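What follows is one structure encoded as structure tokens, with my remarks underneath.
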Amino acid sequence: MPGDTAAGGRPGRRALILVENLSVPFDRRVWQECRTLHDAGWEVHVICPRGGKRDTEPETEIDGIRIHRYPLRAATGGPAGYLREYGAALWHTVRLARRVGPVDVVHACNPPDLLFLPALWLKRRGARFVFDQHDLVPELYLSRFDRGEDLLHRAVCALERMTYRAADIVIATNESYREVALRRGGRSAADVFVVRSAPDTDRFRAVPPEPELKRGKPYLLCYLGVMGPQDGVDYALRALAKLRDDLGRTDWHAVFVGAGDTFDAMVELSRQLGLCEQVQFTGRIPDADLVRYLSTADVCLSPDPHNPLNDVSTMNKVLEYMVMGRPIVSFDLREARVSAGEAAVYAPADDEAGFAEAVAQLLDDPQKRARMGRIGRERIGGKLSWRNSQQSLLAAYAAACRDHAPVATGAPVQAGKRRRR
């Protein structure tokens, strides 16, 4: 793509985006960033792991974006498993980066905070390093493993500091993360850009509701998202048990869409709570089926408990509920309020009885549900739209490349090797 023109009228530049924890384009945020950059004239390459049931090709080109994938086995067995996973990912990332060749920007998305290592290697070859901080890994460690500030916590803090120090530009997903980059990372305000995640409006388009999805009940409750130790599905299930047992409400069916480390444990907890007749677990499902459930849902659930990570993180599921015009029940978290505003009702943090009561009140108030849905759609179409994030992303890249002559012209990487398509 050497003939393309990047933003600002400069000759087309090359960007290499590094991802370790999800495949692309399954990682929706990364895919939106890729498409934004491509539309602005960048030649975009991505290095990421292969998916399990999708994104399985080792190399492909989609919408002009070149994706290079490597095999990766997810960590099991504690810290040693993570060392094996991350070691393999780093080796494959460097191997594939050599194939891609010289780039103007290397854009590394955490977790883990280890991708600064291949980024430094590319910096020595003329690239600028953009650090896209998807998660605060020290807070993730505290929230996920409940081990306190032990030796491994100190290690992940050190890796975060090294990543901040190596980066030319930092991208934060919200203002809370930006504050961390300024305070803990010691970055200047001019070098930190907020690029908020936003749902893909082409993916989330409402369809007519299907009452049969409610399994004969008047109301459908819906959870969408990852099921990990910090995601609160257990809180949601216990709240639903209280909704049934303490509040006497049996007029609902609940569907939990998604998968993760605790999926099997959550199915078992549902059985222990006697919820099997009213709670359905779908696992990951095609987008068309996901939209059917969200279009039919009366109330959507965001049960993330209060912990050091969740309080300052933007939950993708909240944004996806909003774009579909669904009212939300959430625990009272700082960034949940920033995202949802009046599109959600907020139970006291980690209060399962309060969560159940909030669900019951919404079920009894169809006018409030409709008003909250309208508010959510308006917020996604306005201040939280991807259009605003696109501008910030391109501004971050412009800052990274300021006074920086292009180092890449789209030529193949290694002499004697053809780039596979």
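Note down all Cβ pairs under 6 Å where the first residue falls in segment 336-352 and is within 13 Å of Asn310 (Cα to Cα), the second is among the small types (Gly, Ala, Ser), and they're at least six residues apart or on different chains.
Ala336/Ser330
Please determine whether any residue of segment 312-322 is farther than 25 Å from Arg144 by Cα and either in contact with a strand residue (DSSP E or B) (Cβ under 9 Å, 6 or more places away or on another chain) or modelled with pLDDT of 95 or more (or both).
yes
Tell me, yes or no, whether segment 71-90 has at least one residue that is over 12 Å from Asn21 (Cα atoms) and buried (at least 19 other Cβ atoms within 10 Å of the Cβ).
Checked against the condition, which is being over 12 Å from Asn21 (Cα atoms) and buried (at least 19 other Cβ atoms within 10 Å of the Cβ), segment 71-90 yields no hits at all.
Taking the condition of being modelled with pLDDT of 95 or more and open to solvent by less than 30 Å² (accessible area, probe 1.4 Å), how many residues in segment 199-213 meet it?
Number satisfying all stated conditions: 1.
When residues of segment 248-270 are filtered for being under 17 Å from Gly232 (Cα atoms) and either among the β-branched types (Val, Ile, Thr) or not in a loop (DSSP other than H, G, I, E, B) (or both), how many remain?
13
When you look at Ala190, is it assigned to a helix (DSSP H, G or I) and open to solvent by 30 Å² or more (accessible area, probe 1.4 Å), yes or no?
For Ala190, the condition - assigned to a helix (DSSP H, G or I) and open to solvent by 30 Å² or more (accessible area, probe 1.4 Å) - is met.
Looking at segment 64-88, which of its residues are assigned to a loop (DSSP other than H, G, I, E, B) and either in contact with a His (Cβ under 7 Å, 6 or more places away or on another chain) or without any contact (Cβ under 8 Å) to a residue 12 or more places away in the chain (or both)?
Gly64, Ala74, Ala75, Thr76, Gly77, Gly78
Can Arg28 be described as surrounded by fewer than 19 Cβ atoms within 10 Å (Cβ to Cβ) and closer than 22 Å to Arg196 by Cα?
yes
Of all residues in segment 363-375, how many are open to solvent by 30 Å² or more (accessible area, probe 1.4 Å), assigned to a helix (DSSP H, G or I) and farther than 12 Å from Met324 by Cα?
Of the residues in that region, 5 qualify.
Provide a single number: the residues in segment 168-187 that are of a type outside the set (Lys, Arg) and either in contact with an Asp or Glu (Cβ under 8 Å, 6 or more places away or on another chain) or open to solvent by 20 Å² or more (accessible area, probe 1.4 Å) (or both).
Going through segment 168-187 one residue at a time, the tally reaches 11.
Suppose the filter is buried (at least 21 other Cβ atoms within 10 Å of the Cβ), within 27 Å of the chain's Cα centre (by Cα) and free of Cβ contacts under 8 Å to residues at least 40 places away in the same chain; does Ser302 pass it?
Criteria not met by Ser302.
When segment 380-421 is examined, which residues are found to be farther than 20 Å from Ala127 by Cβ, modelled with pLDDT under 75 and small (Gly, Ala, Ser)?
Across segment 380-421, the qualifying residue is only Gly416.
Any chance you could count how many residues in segment 136-186 are outside any helix (DSSP H, G or I), modelled with pLDDT under 95 and either closer than 30 Å to Asp104 by Cβ or among the charged types (D, E, K, R) (or both)?
Count: 4.
Given the structure, is Leu309 farther than 14 Å from Leu221 by Cα and in contact with a His (Cβ under 7 Å, 6 or more places away or on another chain)?
Considered against the rule, which asks whether it is farther than 14 Å from Leu221 by Cα and in contact with a His (Cβ under 7 Å, 6 or more places away or on another chain), Leu309 comes out as no.
Kindly provide the set of residues from segment 322-339 that are within 19 Å of Gly354 (Cβ to Cβ), of a type outside the set (A, V, I, L, M, F, W, C), buried (at least 22 other Cβ atoms within 10 Å of the Cβ) and in contact with a Ser or Thr (Cβ under 8 Å, 6 or more places away or on another chain), ordered by number.
Ser330 - this is the single residue of segment 322-339 that is within 19 Å of Gly354 (Cβ to Cβ), of a type outside the set (A, V, I, L, M, F, W, C), buried (at least 22 other Cβ atoms within 10 Å of the Cβ) and in contact with a Ser or Thr (Cβ under 8 Å, 6 or more places away or on another chain).
So which of Val318, Val407 is open to solvent by less than 60 Å² (accessible area, probe 1.4 Å), part of a helix (DSSP H, G or I) and either at positive phi or not polar (S, T, N, Q) (or both)?
Every option except Val318 fails the conditions.
Quick check on segment 55-70: of everything there that is closer than 30 Å to Ala155 by Cβ and of a type outside the set (D, E, K, R), which residue is surrounded by the most Cβ atoms within 10 Å (Cβ to Cβ)?
His68
Among the residues that make up segment 240-263, is at least one of them of a type outside the set (Ser, Thr, Tyr) and touching a His at 6+ places or on another chain (Cβ under 7 Å)?
The answer is no, given that none of the residues of segment 240-263 is of a type outside the set (Ser, Thr, Tyr) and touching a His at 6+ places or on another chain (Cβ under 7 Å).
Taking Val267 as the residue in question, decide whether it is open to solvent by 10 Å² or more (accessible area, probe 1.4 Å) and closer than 30 Å to Ala181 by Cα.
no
Tell me the residue from Ala353, Ala360, Ala340 that is over 28 Å from Glu210 (Cα atoms), in contact with a helix residue (DSSP H, G or I) (Cβ under 7 Å, 6 or more places away or on another chain) and not in a loop (DSSP other than H, G, I, E, B), please.
Matching residue, one of Ala353, Ala360, Ala340: Ala353.
The values are calculated or read from the model by the stated rules, or taken from the named source; none is laboratory data. As the structure is a computational prediction, the values presented were derived from the model and not from experiment. With ideal geometry, Cβ positions are generated from the backbone for all residues, glycine too; neighbour counts draw on all protein chains shown. Calculation scope for accessible area: heavy atoms of the full protein, side chains included, ligands and nucleic acids excluded. Shrake-Rupley method; radii C 1.70, N 1.55, O 1.52, S 1.80 Å.
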